[in-house]
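Please treat every number below as a calculation from the coordinates, not as lab data. Because the structure is a prediction, the values reported are computed rather than measured. Positions of Cβ are backbone-derived with ideal geometry, glycine not excepted, and every protein chain shown enters the neighbour counts.
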Amino acid sequence: MNQKPNLWGNTLQASKSLESQDAAAKEVKAAAKDNAGAMALGDILERPGGDTRTIHPDHAESLALSLEALGLLEPLVVDNAGHLLAGGHRLAALRLLEERGKWGKPVPVRVMDFDACKNPEEALAVEVAENAQRRDYSPKEVKALADRLKAAGFKADRGKPKAGERALFPALADIVGKSPKQLRRYLAEAAPVTPEPADKADALQVAEGRLAKAVANYLDAAKGSRAAKVRRLVEALGFVVEELELETKDADK
Amino acid sequence: MSKKKPLSIAVAARKGGVGKTTIAAGLASLLARSREAMLVDFDTQSNSAMALGLDAAAAGIGEALLGKPCARQEVPGLERLQVVAGGPGVENPLLWQQPGAVRLSRLEALAAGRALVMDCPPGGGDAEDLALTAAGVLLVVTEPHPLAVAGISRVLAHRRKGQRAAVILNKLDSRRKLDKDAAANLGRFLDVPMFTVRAAAEVSNAAANGVPLALAKKCKAVEDLLAIIEWMDK
């Protein structure tokens, strides 16, 4: 049997078309992975330079309750070494659950392909973007989340929950990033029910309290970087404005 | 005198059965004659450990890359060689969902300055990607047959910039026309050096009996592997 003079060259040439398919397949896989990362909770490292925002234990605690009931809906964001970029409160809440033996699963993460130690500006940009742009949940989605929380024992009653009870709306507000009041409206849109009297004083008080806290933080030289303090102040202002707008709309009706 | 970086070698191929494990285990055992070495098996089959007479089911690279304890198995008679088995743990999705730099730093910590030989699974994939990222030298194994040769360039396409690479034409039997033709002509179509490793009954006997090539009866294949080590050490 005589070999063709360039059998090996032809063979290698023929496999060239597979190379480009390999590259395309790799891209598809990388894109899919971007949304489906996961890490062991213990492997997630602290933000280089520590948390830029104060972790509020109350907030972490209420998040822990909803995480226990719903799981982690929005992945944490980490850099390529596993340093946290966004989701400080969610991470604190997960750690609380782990301490209590209520979280043993891998944590969904989105991996950003850079090293936060070498690119601190990029890390801050991710954090700010993540905090500024929370996912917009539709009223229907909010309703579905509320139903799951109710099934897990959260109560939708107004006023302070009784001892041992967990309040639905603050928990939902933590997840969705909207005020309890707005959420009540969402739920009403999703499934029309008899309108309930608005708790104007409560909502405004919360908004004012938040603003006062942000101002106090801003004036306190020891609390975080200037940029972080300004950001918190702006966030609080936005919150108050939102509440006022809702009040005005209510008054117009 | 500047200390040279220890060798880090990925042994890969697209086609199965071309002798990746034999080459990887052979090279690791021969390297251990002159230095501290480690063989890491990235294949779910975990044949590397078997070929060296070790426990293929021991906690291996799947565990190590998740930061869990793994067995660094020692080879009797070759004190300077450690073997980390493969096995189903390699397919744990969590391994590949964690950030890339995490698994890479765990692999480097595992090798801890030893010469590292990584036996990749056939067909490419995450494990091969990791090995190729960690490796200073990429060895693409083929046999003298077009179906094996067709995979060479697909592996070489993943070579990192500045990474040394060579093709190993394995199981060469000069009595066969196709083999002779490959030995004479294949290299002309490659842009990396090509080494040949001659077929030898001693090689398959050694693997079947769990004896490292460095301790087996001397044969042509061992001479060929030593020539590859010499090239990598340059």
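Electrostatic tally near A:Arg100: other residues with Cβ closer than 13 Å to its Cβ, Lys and Arg +1, Asp and Glu -1, net -2. Projection of the Cα convex hull of chain B, averaged over all directions and equal to a quarter of that hull's surface, yields 12.3 nm².
Compute the FRET efficiency between A:Glu46 and B:Glu36 as 1/(1 + (r/R0)^6), taking r as their Cβ-Cβ distance and R0 = 22 Å, and round to the nearest 0.05. Don't jump to the answer; show the numbers that get you there.
Numbers: r = 34 Å, r/R0 = 1.55.
Computed FRET efficiency for A:Glu46 and B:Glu36 comes out at 0.05.
Using the rule -39500 (n - 2.57) for each DSSP H run of four or more residues, divided by the residues of chain B, the 222 nm mean residue ellipticity is -10000 deg cm²/dmol. Label points 7 Å out from Cα along the Cβ direction at B:Ala112 and B:Arg159: separation in nm? In this crude label model, B:Ala112 to B:Arg159 measures out at 3.3 nm.
Using only the C-alpha atoms, the convex hull of region A:1-149 corresponds to 200 Å³ per residue. Between amide H atoms placed 1.01 Å from N, distances below 5 Å from B:Arg164 occur with B:Leu138, all of them 5 or more places distant or on a separate chain.
For A:Ala86, the residues whose modelled amide H falls within less than 5 Å of its own, excluding neighbours fewer than 5 places apart on the same chain, are A:Val77.
Between the amide H of A:Val107 and those of A:Met39, A:Ala40, A:Leu41, distances stay under 5 Å, these residues lying 5 or more places away or on another chain, with hydrogens modeled in the peptide plane.
Rounded, prolate or oblate for region A:29-103? Axes are the square roots of the Cα gyration tensor eigenvalues, ordered a ≥ b ≥ c, and the cut-off for rounded is a/c under 1.5. Verdict is oblate for region A:29-103. Remark: region A:57-63, residue by residue, has Karplus-estimated 3J(HN,Hα) of x, 5, 4, 4, 5, 6, 5 Hz, where x stands for each Gly or Pro and the curve is 6.51 cos²θ - 1.76 cosθ + 1.60 at θ = phi - 60°. For region B:1-124, the square roots a ≥ b ≥ c of the C-alpha gyration tensor eigenvalues yield an a/c under 1.5, which makes the shape rounded. Computing FRET efficiency as 1/(1 + (r/R0)^6) for B:Arg175 and A:Ala31, where r is the C-beta to C-beta distance and R0 is 41 Å, gives about 0.25. Here region B:131-160 is scanned for amide nitrogen atoms under 16 Å from the site 7 Å beyond the Cα of B:Lys4 along Cα-to-Cβ, giving B:136-138.
Tell me, Kirkwood radius of the protein assembly as shown from alpha-carbon pair distances, in Å? Mind dumping the intermediate values first?
Values: mean 1/r = 0.0378 Å⁻¹.
Taking every pair of different Cα atoms in the protein assembly as shown, averaging 1/r and inverting gives 26.5 Å.
Given R₀ = 60 Å, FRET efficiency for B:Glu202-A:Ala125 by Cβ-Cβ distance, to 0.05?
On the way: r = 60 Å, r/R0 = 1.00.
Efficiency, rounded to the nearest 0.05: 0.50.
Shown in residue order for region A:142-152 are the 3J(HN,Hα) couplings computed by the Karplus curve 6.51 cos²θ - 1.76 cosθ + 1.60 at θ = phi - 60°: 4, 4, 4, 5, 4, 4, 5, 5, 4, 4, 8 Hz (x for Gly and Pro). Residue-wise HN-Hα couplings along region B:201-210, as the Karplus relation 6.51 cos²θ - 1.76 cosθ + 1.60 with θ = phi - 60° gives them from phi, are 4, 4, 5, 6, 5, 4, 5, 4, 9, x Hz; Gly and Pro carry x. Placing dummy labels 7 Å off each Cα toward the beta-carbon, the span from A:Phe114 to B:Ala227 is 4.9 nm.
Taking each residue of B:146-158 in turn, how many C-beta atoms of other protein chains fall within 10 Å of its C-beta, and what is the average? Kindly include the intermediate steps, with their values, before the conclusion.
On the way: counts 8, 1, 1, 7, 9, 4, 4, 8, 8, 2, 2, 8, 4.
Mean shielding count: 5.
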